[in-house]
Structures are given as C-alpha cells and as structure tokens.
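Take a look at the structure below.
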Amino acid sequence: MRRAGGYLLAGTDSPDPHVMPGSSLHDELELLVEAGLSPLEALQSATLYPAMFFAQLNNYGVVETTRRADLVLLDGNPLSDIRNTRKVSGIVMDGRYYSRRELDGMLAQAAAVADASSQPPASTKVATAVPVQAAVPQHAPAQ
C-alpha cells in the first residue's frame, strides 16, 4: 500500500479493554517497522499522516511556531531504533511539561484505580445456592 502511494495511519483501538492506550501505540510502531516501514515512516503514521487525513495540517502534525503540539521527549533516537519511543523522559501536553517522575506518579495512580475497580466491593454478599427440591413445596398428588 505504501509503495502504491497510500498512507498508513497508526492508531490502536483504544476503546478495546485489552488495549492500553499509549503502550499499545509503541507496540504498533514496532510492528510497522517489522513489516518494512522505516522508523521515520512509522512515526509519520502516528503524527504527520493523521493530521493530513483529518485536514488539520495547519494545526497539527509538525512542530512549528503557531502550531498546536503535544510533544514526547525521549532519551533515545527513535530513528535509529523505534523501540526508543518507550524511553520517555517527559511530555509537553496542552502547553504544560510533565517530568518522568510526574508521569510515573500518574501511572501508579491509574494502576491503583484499575486494581481497586477489579476487586469486588467489601460489602458484597454472596448468595447461597438452595437445592430446587428443597425450595419448591411438595404437594401430594390429587386422587
């Protein structure tokens, strides 16, 4: 498809309960490179091309003055190894910088909420099964 001039757009199905937004995109970028895209093409599939597809290139997709941008700051060059997208040192989102320490705190809080929501509430009562024969009154057959 790429050789025919088509654009690939990255973007995992985050409403899927088995797909974790963020980390699943790293997986997808790695799979795109394994499938033959260059690291640059894989990155463009998650940045530049979606902005082009949604006709928002005047606002998104590139880092320039007057453009809106959320940035991921990395401790490694993703063009030399796409797995370096996982080495996040900080992000800038909506004009605010978040350090690695702040991000780790947010992740810990999200994990705690997810863990708590997977546990049944302490006040949950467990119903006891009663055999059907004991629960249904027995009537003598009519003569």
Exercise for the section: Just need a number here: residues in segment 53-108 that are polar (S, T, N, Q), exposed (fewer than 14 other Cβ atoms within 10 Å of the Cβ) and touching a helix residue (DSSP H, G or I) at 6+ places or on another chain (Cβ under 7 Å). Expected result: 2
Problem - Residues (at pLDDT below 90 and among the hydrophobic types (A, V, I, L, M, F, W, C)) located in segment 88-100 - result: M93
Handout entry: Among residues of segment 101-115, those that are more than 15 Å from P21 (Cβ to Cβ) and modelled with pLDDT of 85 or more, counted
Key = 7
Practice task
Return the only residue of E30, E41 being more than 25 Å from A114 (Cα to Cα), under 16 Å from the mean Cα position of the chain (by Cα) and not aromatic (F, W, Y).
Solution key: E30
Practice task
Note down all Cβ pairs under 6 Å where the first residue falls in segment 56-79 and is within 20 Å of Y98 (Cα to Cα) and among the β-branched types (V, I, T), the second is surrounded by 14 or more Cβ atoms within 10 Å (Cβ to Cβ) and modelled with pLDDT of 85 or more, and they're at least six residues apart or on different chains.
Solution key: V72/V88; V72/I91
Completion exercise
Given (1) surrounded by 15 or more Cβ atoms within 10 Å (Cβ to Cβ); (2) assigned to a loop (DSSP other than H, G, I, E, B), S45 misses just (2)
Exercise for the section: Please tell me if A142 is modelled with pLDDT under 90, loosely packed, with under 10 Cβ neighbours inside 10 Å and at negative phi. Expected result: yes
Completion exercise
Those residues of segment 20-42 that are in a helix (DSSP H, G or I) and surrounded by 15 or more Cβ atoms within 10 Å (Cβ to Cβ) come to a total of 11
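The values are calculated or read from the model by the stated rules, or taken from the named source; none is laboratory data. Please read these numbers as outputs of a predicted model, since none were measured by experiment. Methodologically, a virtual Cβ is constructed for each residue, glycine included, from the backbone with ideal geometry; neighbour enumeration extends over all protein chains shown.
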